[in-house]
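One structure is given here, and the rest of the page talks about it.
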Amino acid sequence: MTNDADRLDRRRILLHGLEPASVGRKIRVLIAEDHAMVRQSLSLLLHTHGDIDVVGTAANGRDAAELAEKLAPDVVLMDLAMPGMNGIEATRQIHRRVPQTRVLLVTAHADHAQIIEAVRAGVLGCVVKQADQAELVLAIQAVSKGNPFFSEALSNGRSAMDFIMEAHGATTAIDDPLTTREREVLQLIAEGHQNQTIADELFISVKTVEAHKANIKKKLRATSDVDLWRYAVRRGIIGLDEQPQAHV
């Protein structure tokens, strides 16, 4: 009977070939995760692996994008749902600012649409948080070399390239009409923040927030904040478990 270790060994051969692992330069990893315990656990776990160097951690997507630009890591381990800026938007910014950095999504739960949206944003792989250490390390090694990697728990028989091809072959009908700044404002609105809080968070004026909000509603043909919240949930910008009380 084939066990999990055997399957991982086969994937390692397929992804990296039969040559021995290179010695010398470590894979530089940045961890973006809003839960402190998970962030610290991942850091401690990866510090025990000889060819991986954790160069920084971030508690939200905005800090992750800024640190990635500053540190230029080989791989960013990116959580999907984070306050202020989610993992998909953070990936877009990292992909634009530091194109040589690869992003590996690490999530407890993600539906197919969210994974495809993440790949469209620049994610090269996705690992479930339930994965063991061997699979996580294999995913980091694969992505650092530019090879896509997706946990078998997410694949449902699909190969990694199936995810890539589906994401980049998607029709423009599902393209997001919003700008980067508008997506940032939208997430904060959907999280239930008031205009002044949004202005403080993004270092802009309340008047500018109101202008962005009006443009977002016009583009999305939304008539209320509830409509904006629903759009944010559909696009994976926020999760259902993050819904603010005001929208329940």
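Please determine whether any residue of segment 70-88 is assigned to a helix (DSSP H, G or I), of a type in the set (Lys, Arg), assigned by TED's automatic domain parsing to the domain that holds Gln114 and more than 22 Å from Arg181 (Cα to Cα).
For segment 70-88, residues assigned to a helix (DSSP H, G or I), of a type in the set (Lys, Arg), assigned by TED's automatic domain parsing to the domain that holds Gln114 and more than 22 Å from Arg181 (Cα to Cα): absent.
Given the structure, is Ala139 among the small types (Gly, Ala, Ser) and surrounded by fewer than 19 Cβ atoms within 10 Å (Cβ to Cβ)? Taking the combined requirement at face value, the residue does not satisfy it. Residues to consider are Val226, Val206; find the one that is surrounded by fewer than 16 Cβ atoms within 10 Å (Cβ to Cβ), over 13 Å from Gly84 (Cα atoms) and under 25 Å from the mean Cα position of the chain (by Cα). Just one listed residue meets the conditions, Val226.
Quick one: would you say Glu89 is over 20 Å from Val137 (Cα atoms), surrounded by 21 or more Cβ atoms within 10 Å (Cβ to Cβ) and among the acidic types (Asp, Glu)?
In short, yes.
Meeting the requirement of 2 or more residues that are out of contact with any strand residue (DSSP E or B) (no Cβ under 9 Å at 6 or more places or on another chain) and modelled with pLDDT under 80, the helices (runs of 4 or more DSSP H) wholly within segment 105-168 are 112-121, 152-155, 160-168.
Here Pro99 clears all of (1) surrounded by fewer than 23 Cβ atoms within 10 Å (Cβ to Cβ); (2) in contact (Cβ under 8 Å) with a residue 12 or more places away in the chain except the condition numbered (2).
The values are calculated or read from the model by the stated rules, or taken from the named source; none is laboratory data. Small disclaimer: the values here were computed from a predicted structure and weren't measured. For neighbour counting, all protein chains shown are included, and Cβ atoms are generated from backbone atoms with ideal geometry for every residue, glycine included.
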